[in-house]
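Here's the structure, in structure tokens; my notes come after.
The values are calculated or read from the model by the stated rules, or taken from the named source; none is laboratory data. Quick caveat: nothing in here was measured; it's all calculated off a predicted structure. FYI the Cβ positions are ideal-geometry reconstructions off the backbone, even for glycines, and counts take in every protein chain you see.
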Amino acid sequence: MTMTIYKEAYFEASHRLLNYTGKCFRLHGHQWRVEVWISGDVGPETQILVDYNCIKQVVNQFDHQVILNRKDPMVEALSPFQEVITTEGDPTSENLARIIAGLLDKSCTAEGIPASVTKIRVWESTSCYAQLTFEVI
């Protein structure tokens, strides 16, 4: 039987959109909200699909970080002073949804958990989010 769990997590991070003309071109921060749905088979011994804290740990990798397009010249300028998380393309909510879902799936695989992300939302403000939905096979 397939089970689905849901977890909501938050992180604070700054980013800028290198390929955007508008105020989001400037470095700025958000309180990001991540909602994730994971589906799979519950462990026979534990009766747990995925530990909610494991989901939170993956999301927390982004907490209090600067997230930039790897081609952004700001990466080189900031790196001597602090860690910078880089992304392929601009760190939009759409791109972060894809990245976080991939990290969560990778974590499940590494732990031998037969589960994967079926839906994820990444909110960059209280009124807008990107949603990525995967087909369940």
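Check whether at least one residue in the range 16-31 is surrounded by fewer than 14 Cβ atoms within 10 Å (Cβ to Cβ) and at positive phi, and report yes or no. The answer is yes; a qualifying residue exists.
Annotation: of all residues in the range 45-87 being over 19 Å from the mean Cα position of the chain (by Cα) and hydroxyl-bearing (Ser, Thr, Tyr), the one that is surrounded by the most Cβ atoms within 10 Å (Cβ to Cβ) is SER79.
When ALA9 is tested against (1) of a type in the set (A, V, I, L, M); (2) farther than 18 Å from ILE100 by Cβ; (3) free of Cβ contacts under 8 Å to residues at least 60 places away in the same chain, exactly one condition is not met: (2). Of the residues making up the range 114-134, just one is buried (at least 20 other Cβ atoms within 10 Å of the Cβ) and over 15 Å from the mean Cα position of the chain (by Cα), namely ALA115.
The set of residues in the range 9-48 being farther than 27 Å from PRO73 by Cα, modelled with pLDDT of 95 or more and of a type in the set (A, V, I, L, M, F, W, C) consists of ALA9, VAL34, VAL36, TRP37, ILE38. The residue pairs whose first member lies in the range 72-100 and is touching a residue at least 24 places away in the same chain (Cβ under 8 Å) and farther than 15 Å from VAL59 by Cβ, whose second member is in a loop (DSSP other than H, G, I, E, B) and aliphatic (A, V, I, L, M), and whose beta carbons are closer than 9 Å, counting only pairs six or more residues apart or on different chains, are ASP72/LEU18; MET74/LEU18; MET74/LEU27; GLY89/LEU18; ASP90/LEU17; ASP90/LEU18; THR92/LEU17.
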